[in-house]
Each structure stands twice: as C-alpha cells, then as structure tokens.
1. Among the numbered criteria (1) farther than 24 Å from A:Ser327 by Cβ; (2) at pLDDT 95 or above; (3) within 14 Å of another protein chain (Cβ to nearest Cβ), which one does A:Gly69 miss?
2. Which of the following residues is touching a strand residue (DSSP E or B) at 6+ places or on another chain (Cβ under 6 Å), open to solvent by less than 40 Å² (accessible area, probe 1.4 Å) and either of a type outside the set (Val, Ile, Thr) or not in a strand (DSSP E or B) (or both): A:Ala24, A:Ala28, A:Ala45?
3. Looking at B:Ala92, is it touching a Pro at 6+ places or on another chain (Cβ under 7 Å), surrounded by 24 or more Cβ atoms within 10 Å (Cβ to Cβ) and more than 14 Å from every other protein chain (Cβ to nearest Cβ)?
4. Within segment A:301-349, can you find the residues that are more than 10 Å from every other protein chain (Cβ to nearest Cβ), open to solvent by less than 30 Å² (accessible area, probe 1.4 Å), more than 28 Å from B:Ile26 (Cα to Cα) and of a type outside the set (S, T, N, Q)?
5. Which pairs turn up if I take residues in segment A:181-202 that are in contact (Cβ under 8 Å) with a residue 24 or more places away in the chain and part of a strand (DSSP E or B) and look for partners that are open to solvent by 10 Å² or more (accessible area, probe 1.4 Å) and of a type in the set (A, V, I, L, M) with beta carbon separation below 7 Å, at least 6 apart in sequence or on another chain?
6. Please count how many residues of segment B:52-89 are open to solvent by 50 Å² or more (accessible area, probe 1.4 Å), more than 13 Å from every other protein chain (Cβ to nearest Cβ) and under 17 Å from B:Gly213 (Cβ atoms).
7. For residues that are assigned to a strand (DSSP E or B) and open to solvent by 20 Å² or more (accessible area, probe 1.4 Å), tally how many sit in segment A:60-87.
8. Which one of these does A:Arg228 not meet: (1) at pLDDT below 95; (2) out of contact with any Cys (no Cβ under 9 Å at 6 or more places or on another chain); (3) open to solvent by 10 Å² or more (accessible area, probe 1.4 Å)?
Amino acid sequence: MTRTDPKYLTAETWDVVIVGGGNAALCAAIEAAEAGARVLILEGAPEAYRGGNSRHTRNFRCMHHGALGPLIETYDEDEFWQDLLRVTAGKTDEALARHAIRTSAECLPWMQAHGVRFQPSLAGTLSLDRTNAFFLGGGKALVNAYYLTAQDLGVTVAYDAQVRHVAIDGACATHLTATFGDDETLHDIKGRAFVLASGGFQADLDWLARAWGPAARNFLIRGTPYNRGVVLKDMVDQGAITVGDPTQCHAVAIDGRAPKFDGGIVTRLDCVPFSMVVNKNADRFYDEGEDVWPKRYAIWGRLVAAQPDQVAYSIIDSRAIDLFMPSVYPPISAGTIEELARKLGLPPEALCDTVAQFNAACRPGTFQPQQLDGVATEGLTPPKTNWARRIAEPPFYAYSLRPGVTFTYLGLKVDQSARATGPGGRYDNIWSAGEMMAGSILGQGYLAGFGMTIGTVFGRIAGQEAAAYVA
Amino acid sequence: MSLDVTLQTDPGLILDDPVAEARRQIEVCNACRYCEGFCSVFPAITRDKVFADGDITQLANLCHNCRGCYYACQYTAPHEFDLNLPRALAAARVDSWERFAWPDGPARLFQARGEALAAALVAGFALMFAAIAALPGGGAGFYAWLSHGAMVAIFLPAFLLPLVAVAVGLRRYWNEVGGARVTWADLRDAVQSAGQMKNLSGGQGQGCNFEKGTRFSDARRHVHHAVMYGFLLCFAATSAGTILHYVFDMQAPYGFWSLPKLLGVPGGILLVAGCAGMLMLRSQADPALGAPGRSSGERGFIWLLGFAGLSGLALYAVRGTGLTGPLLALHLGAVLAFFLVTPYSKMAHGFYRFAALVREAQDKKART
C-alpha cells in the first residue's frame, strides 16, 4: 500500500516504523509484517528512485556447504572470514562478522521465497559463481520483488518521506519527525519500534568535504543521491555510539565522465592493468600491473583522489582495447600520443616523454592478460610489474579516471540483535541495519556482494526483533 | 581540465533516429549486463562491442517487448541515461519493417494508422459484395453465393502476391543482419523458440512484465499463443479444404466431423479469444514502453484479425440461412483485406521475428 497523505500516516501509532527503503529496510519490513506487526516504511526517495544503493547492486555473498541455489561447490565460514579479514585488514567486529557470515546461508532460500530470482550461473568475466549469487535483473529487480512482497503483506510505504529527527526519551524512541514531498512542514510519526536503515552520508558533499577536505567535491557518487545521512547525523548529534572512521569512504576509480550521482555499474573501467596511468601533469604515480583489476579496483579510487584535481588518465594502444569489459563511454582516441595528449588536455611533450620512458623500460616476455604474467618494466619508477607492454600500436586510446564513492564507513554501533547503542547503553526500541551500521563489520575495504549480505542478515534480525518487542 | 563529454549516453542528441537511439541504449546495456538471463537479446548484446546497423536490426527483431528489462533497469527516467529499451527496440523494429517492405509506401501507412486498416476492411467488404452480386454462384453451401472458381480467381493472387512481397522483405532483412545459409537445425531451433515463446518466459518461467508493471504474468504469452495457434489452425483448415477439394474431390460444405471444421472451429475460437485478450492486455499496459506512434495500427490489426476469425465462426453458425450471403461477403472481405495488408501491417512481425530467431540460432551456434 502506498500512502503519502501525512494525515493518514500521523493518525495512528505504528507497530514498527522503518526509516529507509533499500534492501535492509525491506527485509526488516517483511519480517516484521510476517510476525503480524503493522509496518510503515518511510523511503526518502521518490518511487522511481526507491531502493537506495541496493538498486545498483548485483549480487549477494553467501556461505554454503555444497551447492546452494545458484551457487556451486563450498564456500565455508572460514574462507569467507579470511576473505573479509584480508580486505578489512582486521578492522572488523569478529562476532558480528561471523554472525553475518553464518546467517548468510539461510538467507538465500529466504530471499528466493520472497520473490528474489537468481541467475543460474554467470557468463561474465568475473568467476564468482562459488562465492556470490547474482540477482536476475540486478538489484532493482530484487528491490521490486521485495516491495511487491511487502505490499502483499500489508506494509504501508510512503515515498518522498524524509525523516529529520528521531525523538528519544531516555533510551526509548517515541516518534519521528518527517517531511513529505516538497512540503517542508514537519509531521510526527508515532511508533512503538523503529528500524533505522537509511544508509550512509556519501551523497552529502558538504559532509564528505568536511571529512576528506575540499578534494571530495571532485568525487563522483556512484550510488543514490538520497543517502545524505540526515538520520545518521541526527543520531550522532543525540549521542548515539558510532563505529567506523568518519573521515573515510570507499572509493573506486571510475570513468571521469560519469554523472555526479547514480552512475552505477556502467561507469566502472577495467582497463587499468593493461594501461599506463598518468595524472594531469602526464606523470605516472603507481604500479598499474600490481594485480588484476577486481582485486586492485578499490585502491585506485584513493590513488586518483590523491592526484592534482583528483583526475587521472589510463592510456592504452589498439592491442589492449578488447581485453576488458566495454564501458559506457567510448574511449578518447587519436593516431598519435601527441594528438591524444591534446584531446585530453595534457601537456603533449610531457606525455610523449612519459610514454617513451615507459616503452623503453618494457622488456620482452609472454603477455598473458588472464593471469599475473610477470612481464614487468625495468629501471622505471614506479614500475609496472605485470602486463607491461609497449604503448606503440595506433590508434591510441584513453579513459579519464575519477574517484567514485560507493559508501561511507561511519555507522551506528549495533549488537548481534541489530539493536543500536545510545550514550547510556542499548536503546530500548531502536534497531539499525544495512549501510547505516555496516561500518561495524566493514571497517575498511570492500568484499563484492557483502553489503547485501550485511543488509539482508541484519535487516531480517532488526525486523524480527522489532516485531517481538511490540508483540 | 578537459574531458570529452560528447557522449553517446546523451539521449537528446540522437533520439530522432530510431537505430541510433537503440544503439545508444544497447551500449549502456552492454556495459551493465544485469539483465542477461531475461531473454535472448542480452546474451546477443554481449557478443559485440560495436553495433552495426544490422546488429541493431537483429536485436530489435529478437526483442519480444516483454518489458522485464525496463522494470529491472536502474537507468530508466528520471535517470539521465533515460533508458527505455523495450520502446527503443520497438521503434527500431517497426522502422526496419517499414524500410524492408516492398513497396514501402503502404507499410508506413498501415503500420501506423488503424483507420487505413479499417478502410482496407471496408474495401474488402465492398469488393466481396460486388463479386457476389456480379458473379453467378455455383454449388452448395457458400458456393451457392460465390462459385469456387471465382473464389480461387480472387484469393490465389491475393494470397501469393503478399507472400512475394514478404519474401522480398525477408531477403532484405537477411542481407542487413548478415544471415548465413539456413540449415534444418537453425529452423528447428527457431520453431522451438517461437512455438514455446521462450523469450516471453522471463528467463525462468515467471512470465513477463507486459501488463502488470513490476509483477510478472504469463497472460501475454497465453493470449499470444491463442492468436498464433488459432491463426495456424484456421490456416490449416483452409489448406485441408483445398486438399480435400483438389486431391479427394470432396467439396464444401463440410460437416462438423470433417478436417476443415475440426481445425477451423477451435482455431477460430482461439483466434477470437486471443485477439480479445490481446486488446485487453494492451489497454492495461504502459503505452510508453511500446513502439512510438504505432499503437493505432497495432490495435487496428488485432481488430482486423479478430474480426476475420469471428466472421468465420458466424458464417458457420448461420449456415443454411439467408444470412450466409452477407456473412460470406463480410468474412471473405476481412480475409482479403488481411491477406493484402500482411506485408505492411503488424502481421509482418511474425515473419521478421521468425527470421530473427533463425539468425539467433546461427549466431549462438557460431559462438559456442
């Protein structure tokens, strides 16, 4: 049911009010509604943009022993945990993380039972059919399925509903104040239990700039423009205990021509390992051949963010153009390096010099694009340690790179029952799930599909716990 | 700071050319690939990086307008990429039928305008009433109103000439999409796809999003099956009559327990029910996801096809009464109009879709 009339929404005391409308919020809503609670979802985005960053996701990482749904072989708790340990470098809450990992296996059948469909196996370039289950149609299809399920369960959904304040009396939340649509009038939404699942703050550029410095204004935001952290900030201001580094965000290097917000998957660029990357002064600054792109994907956001004007250029020749997934923007092409430099706005002489030095440092070897081939430069700083092949065969191509923010790490501290913590200990009736508390588990780095795992696990728990509280 | 921002993702620049607009959208799809698994279009997209006009034509004719990709797409309006692949491919598809039609003038008219189809129907009625009035009947049943010889004289060319026109169009299609020599295996594959309408299954049998938005339903697959199998049964009934007439010297009228009636009566019922269902589903579906500017022609065609079926059933129902003559004129008039506009109306989609499925079978084979 979709209601946006504030008169109706403010008239009663809801059992469970859910702030946010993405994967975690929907999982919470479905669990609470199935337990018999009267549930209201307050989604800050308009209906067309509902679902938060879940719209842009594609898969779900899942522990399993033997084949499970679309997943093959075994991906056990320990391997999952080791993968997480590696990307976070230990910045994780082991108890919460292991809880998420263990519960992920039972989530997959639950997702299928609530309308989510998975691709039987993946035909693309990433071989993740052991660790990650891919949604048929992607994250928006998953979000659509959950909204339909929630609707069938009688959950009320209000779109364009921006929660401004969580009113807390002692350890107990009494109501929320929210605006609806373009109307700035504040309305009180009364509830008995509250689930906060409204994401991080990466779409608030001022907040990003405070955390990161002015360079953050040049960052692109890969996901929804509606994750502005309004509720997170309100909770922090009220003394809620937080986890995660407030000055950090997860950024990858994406196509520099991508939209400021919401570019999603199509703006990723897989060309870096086969290229030479320079900054706006035509200088190289890092080993492009350190590892294959999916593994080294995340570090390039940070690397580009540290360059002048937060921009870089990945340069290849005609032999490399078909070695990676197509991206949405065509490469900039030219017959000579000099012409390419002019098209990119780089100093032509400097770029020609850098290419000449790079080419001179390349050594013969067997180029193998599918594996670390050890074909490295010699006497070059920084070196390129794999796939170092001369950039010599015209036409030459270039892609611009900019940092693309996927999410922020700052979040609410929760326990294993997804209950949030205030200045005086656990709140009585406030739970949190999804990106808003994922920093507890993902203190840094990222593991593909793990955001959806955290959202599903803790969203479901939050919904169950909130419903049990009001029952 | 100089970045090239003249992008093919800018919808405003090339929206007017249906092939260019479909190419723009397909290139976004190829960078995303979340929809692979819905239908054959998406695996076909991933086989290329650059798309020639013929590739776009092939993808457009492979699309069954199930709309699964639209509702799953993170880049639909209000997103600035403004994707609406079902509409873009529908536009490119209709554009291809109108370019390939021989001659092409009538296609532009009948694809777009329901009124033109209505006029063709009225002309068909008038011609048949005139024929019945002017030519002597000879025989039993409806031959008492119009002789077998007169019917053959009218319908043989009205059947064969459109087939010649369709063949010319298909040849042009095959050249543009770079089709290879057709094998029996290709045909078998295409017949299976068309017969089960695999591409309307949503990939996992859940159906399509044609009339219920984000919900899946098999309704369109069912009504389309009713239309297609109803039409094929009616066609088989006519063929059976022809064979009985010429091979076995058994002349109409045929009793109920005869091949023409056993095929034709259920065929007619299926055809009428299917057309009614199709019109109903269309009224519930979002018109912004279909071919722009062709809705009137598409609806008009369904009415024409449904009326041909309905008048055939009525003709059988009133056998032996004085209404046979007028209903014969109405039914034959509808059938005549239907045959003559086949290469220029929505009916053409059947031929091009089948060709696209044959081409897809070849393409799959070549890549595996």
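1. Result: A:Gly69 passes all but (2).
2. A:Ala28
3. Answer is yes for this residue.
4. Result: A:Val304, A:Ala305, A:Ile337, A:Ala341.
5. Going by the 7 Å Cβ cut-off, the qualifying pairs are A:Arg192/A:Val470; A:Ala193/A:Val470.
6. 1
7. 1
8. Going through the list (1) at pLDDT below 95; (2) out of contact with any Cys (no Cβ under 9 Å at 6 or more places or on another chain); (3) open to solvent by 10 Å² or more (accessible area, probe 1.4 Å), A:Arg228 breaks only (1).
The values are calculated or read from the model by the stated rules, or taken from the named source; none is laboratory data. Computed from a predicted model, the values in this text were never measured in an experiment. Glycine gets a Cβ as well: all are built from the backbone with ideal geometry, and neighbour counts include every protein chain shown. SASA here: full protein model, heavy atoms, side chains in, ligands and nucleic acids out. Shrake-Rupley method; radii C 1.70, N 1.55, O 1.52, S 1.80 Å.
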